[in-house]
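J.: First the structure, which I've put down as structure tokens, then a few questions once you've had a look.
Any read-out appearing in this document is the output of simple, stated calculations on the displayed coordinates, not a laboratory observation. On a predicted model such as this, the values are computed, not experimentally measured, just so you know. Positions of Cβ are generated from backbone atoms using ideal geometry, with glycine treated the same way; all protein chains shown enter the neighbour counts.
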Amino acid sequence: MRPADVVRFAWVSLRGYPARTALMGLAMAIGVAAVVILTALGDGARRYVVKQFSSLGTNLLIVFPGRSETAGATPGMFIGQTPRDLTLDDALALTRSRAVRRVAPLSVGSAQVSFGGRSREAPVVGSTADWLAIRNMQIAQGSFLPPGDPRAASPVCVIGATVRDELFGSASAVGQFVRIGNRRFRVGGILVSQGQHLGFNTDEMVIVPVAAAQAMFNTNTLLRILIEARSREELEAAKRDVTAILQARHEGELDVTVVTQDAVLATFDRVLGALTLAVAGIAAISLAVAGILIMNVMLIAVSQRTREIGLLKAVGATPAQIRLLFFAEAVLLSCLGAMAGLAAGFAGNSLIVRVYPVLPAAAPAWAVAAALVTAVATGVLFSIMPARRAARLDPVAALSRR
Amino acid sequence: MIDLQRISRVFRVGDQQVHALREVSLQVQPGEYLSLMGPSGSGKSTLLNIIGLLDRPSSGLYRLDGADVTSLSDEEQARVRREKIGFVFQFFHLVARLTAGQNIELPMALAGVAPAQRHTRALELLSAYGLADRADHRPDQLSGGQRQRVAIARATAMRPAVLLADEPTGNLDRNSGKEVVQLLETLHERGVTLIVVTHDPELGGRAHRQLHMVDGAIAEERKGT
């Protein structure tokens, strides 16, 4: 029998029972659509997080003061240890490492920012000129903090887009003087609007030289030190150098935590990847259920079409051909269902993207392929038994039924 | 061409054994017109099914065109059936969702005949059997006589040497029955070996060789006119 004839016969059989075919196709379609949509969501979440991290810059090391460790606490002693603070000198010392390209100390506080009659409370970040490059930020207008000695508290600030809008409206901001806390700063530049990044909105920020921030908040400590390694390969070397330098400066005590951004990123990537796999697995169960439904219906079809099978045998169909015909019917049915499911899945996906534009929801290719393969495989697997039953039917008994 | 030697067929019903055929021997020459008659349960349909390779004998030897076909596998028997044997049934057994033309094409499709060739052959048969305008009708749009003629067209599509008819008129009114018999006899005149199973003495009496079966054995053989 020609392959085209097998497919045509199966197709005519499917069309002969439209309600049954539609319901079976629907079951298969729901399974495939579920795999596509759920993996699209899972993978979208993963890529969202990865993107957020990588927009912070690449080859980053982050130094926190303090170290998480369990200290033997004896009564009457300190519980744990008070870490030494990170200082600006610590940060500047790190530039000695050949693996380090840029260092940006960060000192963060909050202050009243005012211009003319308007004022607002804004997070104030003290840093250096290198921060711009490390964080992958861009200047919309004017220039960033002046390079030069980080210890100099030059009265220049850079403001985020929201701050500019609220303080200056449509008036020009660059070159104007604003009051931050009780000091006057000249607005040197305005950041390009970036929006939210891991809960950190640069649009609402005011950036001043680190020394100015420390003076403003009356402190000499740093919240973080961001370090950019020269290359990805030198990231580990940079981490070793940074640790060594800080340990030496802190009288041999390792009381800082140095993490690579990659390590954080990889953890998120793993967790969310596993989550995507898990939801894909759950959705795949619905495909197996659809497969069992198909088997059920094909078994019913075999007993409904007993006479037809008897007739096919009488006109010379071999058992292999009968098997092939029923097999083709089930596979065609699951393929059609899978196609419909793919269409529904992609439609659902684009709907998600429309409703939540920030989430880059897209089913990964492996999930789409896996859904299709699973759908067709269950169709094939669960049609083996009905097809065999049809082929084994006794033609005399089959034909004697009216 | 058909050579049955001591063919028996035993069915098991519960713990009882039913002997549908008891050591039946029969030779049929090419081009014969044979009828098998007898009461229900006499084994005539079983004999027909064994000749048509739909059923296997419990013992005995069946040679078709000189070759032993009892020992063939299911696949090989199906191929022999497809090429050498045509079946006509009391209840027509047309596939309801296929048109008359597609029903006729079915055995050719199973044999892998090219679509164009199949189509030509089906149309040729339809017009030869007076159904030229019924090619695209489904079985439920045809009368009983027309359905049986479509079934005969299907049985003869592969130009089989043997045509087996089990009560071909059993489900038809007199007129349609007569048409169907005429068609079968025309086919016989063109050289097809025709074996008809029937209750109807009038139909059975038309055959040149009439076998009466009782209790799974051939009780009497008569020559017709």
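J.: What's the average, rounded to a whole number, of partner chain beta-carbon atoms within 10 Å of each residue's beta-carbon in B:98-109? Intermediate results must be reported in sequence, preceding the final value.
T.: On the way: counts 5, 1, 0, 0, 3, 2, 0, 1, 7, 5, 4, 10.
Mean shielding count: 3.
J.: If I take R0 = 25 Å and measure r between the Cβ atoms of A:ALA19 and B:GLN141 in this structure, what FRET efficiency does the formula 1/(1 + (r/R0)^6) give, to the nearest 0.05?
T.: 0.65
J.: Could I have the simple spin-label model distance between B:ARG6 and A:ASN218, label points 7 Å from Cα toward Cβ, reported in nm to one decimal?
T.: For the pair B:ARG6/A:ASN218, the computed spacing is 12.3 nm.
J.: Given the range A:103-224, what percent of its DSSP beta bridges are antiparallel, to the nearest 5?
T.: Values: 23 of 31 bridges.
If I count the DSSP bridges inside the range A:103-224, around 75 percent turn out antiparallel.
J.: Looking at chain B as a GNM with Cα springs under 10 Å, which of B:GLY52, B:GLY170, B:GLY38 has the largest mean-square fluctuation?
T.: B:GLY170
J.: Would you calculate a helix-derived [θ] at 222 nm for chain B, using -39,500 (n - 2.57) for each DSSP H run of n ≥ 4 and dividing by the full residue count, to the nearest 500?
T.: Numbers: 7 runs with 78 residues, N = 225.
That calculation yields -10500 deg cm²/dmol at 222 nm.
J.: Using bins 5 angstrom wide from zero, how does P(r) for chain B break down, in % of all Cα pairs?
T.: So the P(r) values, bin by bin, are 1, 7, 15, 18, 19, 16, 12, 8, 3, 1, 0.
J.: Could you work out, residue by residue across B:87-97, how many beta carbons of other chains sit within 10 Å of that residue's beta carbon, and then give the average as an integer? Before the final figure, lay out each step's value.
T.: Working: counts 7, 1, 6, 3, 6, 1, 10, 2, 10, 4, 6.
Shielding by partners across B:87-97 averages 5.
J.: Counting pairs of Cα atoms in the range B:118-165, how many percent are more than 11 Å apart?
T.: Everything past 11 Å amounts to 67 percent.
J.: Debye calculation, C-alpha points only, no solvent: report log10 I(q)/I(0) for the range B:52-127 at q = 0.21, 0.25, 0.28 Å⁻¹, in the same order as the q values.
T.: -1.01, -1.19, -1.33
J.: Now, a different point. Mean-square fluctuation check for chain A, GNM, Cα pairs under 10 Å: which of A:PRO155, A:PRO357, A:PRO65 is largest?
T.: A:PRO357
J.: Where the centroid of each part is defined by its Cα atoms, how far is the range B:56-126 from the range B:131-158 in Å?
T.: Cα centroid of the range B:56-126 versus Cα centroid of the range B:131-158: 16 Å apart.
J.: Moving to a separate point now. When the helices in chain A are scored as -39500 (n - 2.57) per DSSP H run of 4 or longer and the sum is shared across all residues, what 222 nm value do you end up with, to the nearest 500 deg cm²/dmol? Could you put the intermediate results ahead of the total?
T.: Working: 12 runs with 215 residues, N = 402.
After summing the helix terms and dividing by the residues of chain A, the value is -18000 deg cm²/dmol.
J.: How charged is the neighbourhood of B:ASP3? Take every other residue with its Cβ under 12 Å from the Cβ of B:ASP3, and add Lys/Arg as +1 and Asp/Glu as -1. Mind dumping the intermediate values first?
T.: On the way: positive: B:ARG6, B:ARG63; negative: B:ASP65, B:ASP68.
With Lys, Arg at +1 and Asp, Glu at -1, the net is 0.
J.: Please give the charge dipole size of the range A:103-224, origin at the Cα centre, charges +1 on K and R Cβ atoms and -1 on D and E Cβ atoms. Round to the nearest 20 debye.
T.: Working: 10 positive and 7 negative charges, 57 e Å.
Its charge dipole is roughly 280 debye.
J.: Taking every Cα atom in the range B:101-225, find the radius of gyration and the maximum pairwise distance Dmax, and write them in Å.
T.: According to the Cα coordinates of the range B:101-225, Rg and Dmax are 15.8, 48 Å.
J.: Mind running the shape call on the range B:22-75? Use the C-alpha gyration tensor, a ≥ b ≥ c as the square roots of the eigenvalues: rounded below 1.5 for a/c, prolate if a/b tops b/c, oblate otherwise. Can you show the working numbers first?
T.: Numbers: a/c = 1.89, a/b = 1.26, b/c = 1.50.
Because a/c hits 1.5 or more and a/b fails to exceed b/c, the range B:22-75 counts as oblate.
J.: Hey, another quick one. How much of the DSSP bridge set in chain B is antiparallel, in percent, rounded to the nearest 5?
T.: Percent antiparallel among DSSP bridges in chain B is about 55.
J.: In terms of Cα to Cα distance under 23 Å, which lysines are near enough to B:LYS84, apart from those fewer than 8 places away along the same chain?
T.: Straight-distance partners of B:LYS84: A:LYS313, B:LYS44.
J.: Let me ask something else about it. Below 8 Å, C-alpha to C-alpha, sequence gap of six or more: please give me the relative contact order for chain A in percent. Write out the running numbers ahead of the final one.
T.: On the way: 729 pairs, mean separation 121.2, N = 402.
Relative contact order of chain A: 30 percent.
J.: Here is a follow-up. Stokes-Einstein D for the range A:282-359 at 37 °C, 0.692 mPa s, Kirkwood Rh over Cα pairs, in µm²/s? Mind showing how you got there, number by number?
T.: Values: Rh = 15.2 Å.
In µm²/s, the coefficient rounds to 215.
J.: If you take every DSSP beta bridge whose two residues both sit in chain A, what share of them, in percent to the nearest 5, is antiparallel?
T.: 80 percent
J.: Run the numbers for B:ALA217 and B:GLU124: contour at 0.36 nm per residue of separation, minus the present Cα-Cα distance, in nm. Please report the intermediate quantities before stating the final value.
T.: Working: separation 93, 0.36 × 93 = 33.48 nm, distance 4.04 nm.
29.4 nm is the gain from fully extending B:ALA217 to B:GLU124.
J.: Can you tell me the order of A:269-277, A:227-235 when each peptide is scored by its average per-residue count of other Cβ atoms within 10 angstrom, highest first? Before the final figure, lay out each step's value.
T.: Details: A:269-277: 15.2, A:227-235: 18.3.
Highest to lowest by the protection proxy: A:227-235, A:269-277.
J.: Compare the peptides B:110-123, A:204-217, B:189-202 by average per-residue count of other Cβ atoms within 10 angstrom and give them in order, highest first. Please list the in-between numbers first.
T.: Working: B:110-123: 16.2, A:204-217: 22.8, B:189-202: 18.2.
Taking the mean over residues of other Cβ atoms within 10 Å, the ranking is A:204-217, B:189-202, B:110-123.
J.: Among the lysines, which have Cα under 25 Å from the Cα of A:LYS51 when same-chain residues fewer than 8 positions away are ignored?
T.: List returned: A:LYS239.
J.: Go ahead and set up a Gaussian network model of chain A, Cα springs under 10 Å, then flag whichever of A:LEU372, A:LEU246, A:LEU351 fluctuates most.
T.: Fluctuation is largest for A:LEU351.
J.: So if R0 is 22 Å, what FRET efficiency would A:ALA171 and A:VAL192 give, r being the distance between their Cβ atoms, rounded to the nearest 0.05?
T.: On the way: r = 19 Å, r/R0 = 0.87.
According to the calculation, E is roughly 0.70.
J.: Quote the FRET efficiency, to the nearest 0.05, computed for A:ALA133 versus A:ALA288 with a Förster distance R0 of 51 Å and r equal to the Cβ-Cβ distance. Kindly include the intermediate steps, with their values, before the conclusion.
T.: Working: r = 52 Å, r/R0 = 1.02.
The calculated FRET efficiency here is 0.45.
J.: Starting from the Cα gyration tensor of the range A:339-399, take the square roots of the eigenvalues, sort them a ≥ b ≥ c, and report rounded, prolate or oblate (rounded when a/c is under 1.5, otherwise prolate if a/b is larger than b/c, else oblate).
T.: Numbers: a/c = 8.21, a/b = 3.60, b/c = 2.28.
Prolate is the answer for the range A:339-399, as a/c is 1.5 or above and a/b outweighs b/c.
J.: Still on this structure: Please state the charge dipole magnitude for the protein assembly as shown, taken about the Cα centre, from unit charges on C-beta atoms (+1 on K and R, -1 on D and E), reported in debye and rounded to the nearest 20. Mind showing how you got there, number by number?
T.: Details: 66 positive and 53 negative charges, 126 e Å.
I would put it at about 600 debye.
J.: Right, another one. Set Lys and Arg Cβ to +1 and Asp and Glu Cβ to -1, take the dipole of the range A:103-224 about its Cα centre, and tell me which of A:PHE144, A:GLY116, A:VAL158 lies farthest positive.
T.: The listed residue farthest towards the positive side: A:GLY116.
J.: Another question about this same structure. From the P(r) of the protein assembly as shown, can you give the percent of Cα pairs sitting at distances over 40 Å? Spell out each step's value before the answer.
T.: Values: 109998 of 196251 pairs.
Percentage above 40 Å: 56.
J.: In percent, how large is the relative contact order of chain B, given Cα pairs closer than 8 Å and 6 or more residues apart?
T.: Numbers: 439 pairs, mean separation 66.1, N = 225.
In percent, rounded to a whole number, it is 29.
J.: Under 8 Å for C-alpha pairs, at least 6 residues apart: give me the relative contact order for the range B:92-225, rounded to a whole percent. Let's see the in-between values first.
T.: On the way: 163 pairs, mean separation 27.2, N = 134.
So the answer I get is 20 percent.
J.: Treating only the Cα positions of the range A:103-224 as identical point scatterers, give the base-10 log of I(q)/I(0) from the Debye formula at each q in 0.11, 0.14, 0.19, 0.21 Å⁻¹.
T.: With one equal scatterer per Cα and no solvent, log10 I(q)/I(0) is -0.30, -0.50, -0.97, -1.22.
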